[in-house]
């Protein structure tokens, strides 16, 4: 268990830690010279039976509250230190506020310097402290009079601390350590220290530093000040790291050492926000604040999601918009201080570490946040039943540090099923698939001469307008089940086809023959109209209808090619295997410079080729826009 001290300056925190552990946690020369704690100090008490208490000794001076916060967010229990001589002081109150905002409900009060006062004064101090604790998470905590000088109460205090139990941090998720120190050790290299908030870290693990994304390997580690092969959640660890780009300057307090699966730094997080009742005035929307999360300290603003201002003592939903990216997960506690960093003003619990930049106040988003502000199972169950109707499972698990098997188990427990990374209820999927079929059927009824709908037009025409990635997953189910058919760029029901009248069908068969015969330099619309004594407008309308069903492609105005021929010409361009010129392409097709240029400009517009000066090259990802490419040997004009 990690115990963190809290309390006013000069109330005896460091002396008490030394009495409990035999270790002087003040390690800096300036701390020794001035007799005050400036930065975090660490000490360990080995109880000889395999158990061990770790202590984080924090500064008590108001100027160093930012250092105190870097250590406080990783502790399991609070040791509130109050001097019997001076009693409750400003930093006693602020440190207790921080403990309360962090949700720490395990703790003990040490009434120090008990050898300097009589019993009546001790009883008076204890009554004052009980009143102070009564409205906080430490209400009812035991108060133990102690003296670091005489040793009074030290053994009792140690026993009471042990009775609080071991760390409650879970080891099931991916590894996550908050860095509070970084230094170079001669002969070893870069070392970072911090508290493991979740999971386990083993020697030879390959991890990431977040938010930088630097890769690191664990060469060795110490857990609770002992050499170990593994460090677990709830333990303080020192990690000896190695990496190609790793250096002391590349790591700073506030970074996380994490499993790669958790690397998703954020600068917007949606939170449940609580303003302290001691604030004298309401907090306004977009107020600047100092934000402390883990061991990180960044500037940010509070975007209120429920009104333009917030009364002291109130709790509401908000979004924290940060000036720098940090690592954050759902359930993380955040402490906020005023712009001058002179006092703590509020606390928050992260609900969604990946808050949206837009539409953050809509009714739909507020429903999602209230769903997310629940335990895992209840949150997932509620999300699946909201208007959105789906859950992105990877993001849900990442936000809550859940491994994929755990997410799958949760999904099954609430009656959901996974489709290509998204979670749905069975009824939701069935309704969505019916909606797709019914929308296509309605379109065919309204426009029987149209080939079908392009996927995006189908998506926006459905009753429930799904996001594009989700719609693709649902549509794939219909295609696999043969309830919808892909016909070129269109989607249609299997029984639907474009039917031409007898006259148009006969005309099309004659046109198709000419398009195939002169496939690289086909006649234009006016040429067909003249040859077959058809009005030019009617000929154009027929070819436009055929283009909609993917039979032909309009490469240039009134210049149509058969769709397989377009794929053949793409194969010829790709067959060069190098940058090529318009003259190279013209010679392969033997169709004249003008038509070759029209074709290449069409390729440029559709991203099939990229032009640089007089040269072009094909883009592999775009080659099959108009169907599978024929083998080079099957294409006339292909290189020998």
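The values are calculated or read from the model by the stated rules, or taken from the named source; none is laboratory data. What you see is a predicted model; the values in this text were computed from it and never measured. Glycine also receives a Cβ, built like all others from the backbone with ideal geometry; neighbour counts cover every protein chain displayed.
Below is a table of values for the structure above.
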item: Selected residue [outside the structural domain of residue 136 (by TED's automatic domain parsing), in contact (Cβ under 8 Å) with a residue 12 or more places away in the chain, farther than 21 Å from residue 71 by Cβ and not in a loop (DSSP other than H, G, I, E, B)] from 278, 274; result: 274
item: The stretch 140-155, residues that are closer than 14 Å to residue 17 by Cα and without any contact (Cβ under 8 Å) to a residue 24 or more places away in the chain; result: 155
item: Strands (runs of 3 or more DSSP E) contained entirely in the stretch 166-269, each with at least 2 residues that are more than 30 Å from residue 357 (Cβ to Cβ); result: 176-185, 189-198, 200-202, 214-223, 226-228, 230-232, 236-242
item: Among (1) free of Cβ contacts under 8 Å to residues at least 60 places away in the same chain; (2) surrounded by 16 or more Cβ atoms within 10 Å (Cβ to Cβ) - the single one residue 619 does not satisfy; result: (2)
item: Condition broken by residue 156, with the remaining ones in (1) over 30 Å from residue 263 (Cβ atoms); (2) in contact with a helix residue (DSSP H, G or I) (Cβ under 9 Å, 6 or more places away or on another chain) satisfied; result: (2)
item: Residues within the stretch 378-398 that are free of Cβ contacts under 8 Å to residues at least 60 places away in the same chain and closer than 20 Å to residue 431 by Cα, tallied; result: 11
item: Filter pass, residue 330 being within 22 Å of residue 195 (Cα to Cα) and outside the structural domain of residue 76 (by TED's automatic domain parsing); result: yes
item: Unmet criterion (only one of (1) in the same structural domain as residue 180 (by TED's automatic domain parsing); (2) within 23 Å of the chain's Cα centre (by Cα)) for residue 324; result: (1)
item: The listed residue being more than 45 Å from the chain's Cα centre (by Cα) and buried (at least 19 other Cβ atoms within 10 Å of the Cβ), out of 528, 602; result: 528
item: All strands (runs of 3 or more DSSP E) inside the stretch 418-516 with 2 or more residues being surrounded by 12 or more Cβ atoms within 10 Å (Cβ to Cβ) and touching a helix residue (DSSP H, G or I) at 6+ places or on another chain (Cβ under 7 Å); result: 422-425, 490-492
item: Selection count where residues are in contact (Cβ under 8 Å) with a residue 12 or more places away in the chain, touching a helix residue (DSSP H, G or I) at 6+ places or on another chain (Cβ under 7 Å) and not in a helix (DSSP H, G or I), scope the stretch 518-533; result: 5
item: Filter result (in contact with a helix residue (DSSP H, G or I) (Cβ under 9 Å, 6 or more places away or on another chain) and more than 16 Å from residue 319 (Cβ to Cβ)) within the stretch 361-379; result: 371, 374, 376, 377, 378, 379
item: Those helices (runs of 4 or more DSSP H) lying entirely in the stretch 36-155 with at least 3 residues under 41 Å from the mean Cα position of the chain (by Cα) and either modelled with pLDDT of 90 or more or surrounded by fewer than 23 Cβ atoms within 10 Å (Cβ to Cβ) (or both); result: 90-101
item: Pairs with Cβ under 9 Å, 6+ apart, first in the stretch 92-106 and in contact (Cβ under 8 Å) with a residue 40 or more places away in the chain and on the phi > 0 side of the Ramachandran plot, second surrounded by fewer than 22 Cβ atoms within 10 Å (Cβ to Cβ) and not in a loop (DSSP other than H, G, I, E, B); result: 103/333; 103/349
item: Failed item, numbered, when residue 211 is tested on (1) in contact (Cβ under 8 Å) with a residue 40 or more places away in the chain; (2) buried (at least 18 other Cβ atoms within 10 Å of the Cβ); (3) within 26 Å of residue 79 (Cα to Cα); result: (3)
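Matching residues to (1) out of contact with any strand residue (DSSP E or B) (no Cβ under 6 Å at 6 or more places or on another chain); (2) at pLDDT below 95:
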residue: 226; (1), (2): yes, yes
residue: 252; (1), (2): yes, yes
residue: 275; (1), (2): no, no
residue: 294; (1), (2): no, yes
residue: 300; (1), (2): no, no
residue: 304; (1), (2): no, no
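Each row is one residue, and each column tells you yes or no for (1) outside the structural domain of residue 45 (by TED's automatic domain parsing); (2) closer than 28 Å to residue 399 by Cα; (3) crowded, with 16+ Cβ neighbours inside 10 Å.
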| residue | (1), (2), (3) |
| --- | --- |
| 169 | yes, yes, yes |
| 187 | yes, no, no |
| 194 | yes, yes, yes |
| 204 | yes, yes, no |
| 225 | yes, no, yes |
| 233 | yes, yes, yes |
| 249 | yes, no, no |
| 254 | yes, yes, yes |
